[in-house]
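The values are calculated or read from the model by the stated rules, or taken from the named source; none is laboratory data. All values reported here derive from a predicted model rather than from experimental measurement. Reconstructed Cβ throughout: ideal geometry from the backbone, glycine too, with neighbour counts over all protein chains shown.
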């Protein structure tokens, strides 16, 4: 039982990193381009799937599968998990007052993103656990991860990205965004105070 719980947590965290990267990139692009909320959300969801599928495909291609074969395994394994995350993530962001309209240099945006991604993790964990117990989901990926033997040729150039490293970079990026937002707010408060004198 502990093995399934651990694998489900790892699978969920792995999916979450790809989703979060796609979400943040989509929100940055959508905000910078001045897109309406609906278009920004659509872009973020699409990029969450792209990044999620890509991060799951890389180890399979490195292990010897063709890109097409890897993608077919990944789509079968990760679609339900990513869809659950995206549904919950966007729902939570919509519920948090002002989060959808907050710019990238806004404390509400970064705190909202942290809350929504945490909620997405807890929503997708039971989905991944259920799939793993039935030999589906990330269980499909694990069948291919270690079967290729020694990595040779061009496959050696495919990066091996441990989930823990991706999570660390993602958390650092989000904390950086939060710190910049806090600093901007404090600077704005000082500017208003100075102007009011």
Check: When the residues of region 158-195 are filtered to those that are closer than 26 Å to residue 64 by Cβ and out of contact with any helix residue (DSSP H, G or I) (no Cβ under 9 Å at 6 or more places or on another chain), which remaining residue is surrounded by the fewest Cβ atoms within 10 Å (Cβ to Cβ)?
Finding: 162
Check: Residues in region 122-140: is at least one closer than 22 Å to residue 25 by Cβ and either modelled with pLDDT of 85 or more or more than 23 Å from the chain's Cα centre (by Cα) (or both)?
Finding: yes
Next item on the list: Sort out which residues of region 33-51 are surrounded by fewer than 14 Cβ atoms within 10 Å (Cβ to Cβ) and in contact (Cβ under 8 Å) with a residue 24 or more places away in the chain, and write them in order of number.
Entry: 37, 46
Next item on the list: Would you check if there is a residue in region 56-63 being at pLDDT below 90, out of contact with any strand residue (DSSP E or B) (no Cβ under 6 Å at 6 or more places or on another chain), in a loop (DSSP other than H, G, I, E, B) and over 15 Å from residue 11 (Cα atoms)?
Entry: yes
Next item on the list: Take residue 116 and decide whether it is at negative phi and either at pLDDT below 90 or over 15 Å from the mean Cα position of the chain (by Cα) (or both).
Entry: no
Checklist line | Scope region 105-118; condition farther than 14 Å from residue 41 by Cα and surrounded by 15 or more Cβ atoms within 10 Å (Cβ to Cβ); matching residues | finding: 105, 106, 107, 108, 110, 111, 112, 114, 115, 117
Notebook entry, point to check: Do you know which residues across region 92-101 are without any contact (Cβ under 8 Å) to a residue 24 or more places away in the chain and either assigned to a helix (DSSP H, G or I) or closer than 27 Å to residue 125 by Cβ (or both)?
Noted result: 93, 94, 95, 96, 97, 99
Note to self: Suppose we filter 25, 45 for residues that are farther than 23 Å from residue 168 by Cβ and within 12 Å of the chain's Cα centre (by Cα); which single one remains?
What the structure shows: 45
Note to self: Checking residue 16 against (1) closer than 19 Å to residue 131 by Cα; (2) surrounded by fewer than 23 Cβ atoms within 10 Å (Cβ to Cβ), only one condition comes out false. Which one?
What the structure shows: (2)
Checklist line | Selected residue (criterion: farthest from residue 28 (Cα to Cα)) from residues of region 76-95 that are at pLDDT 90 or above and surrounded by fewer than 20 Cβ atoms within 10 Å (Cβ to Cβ) | finding: 80
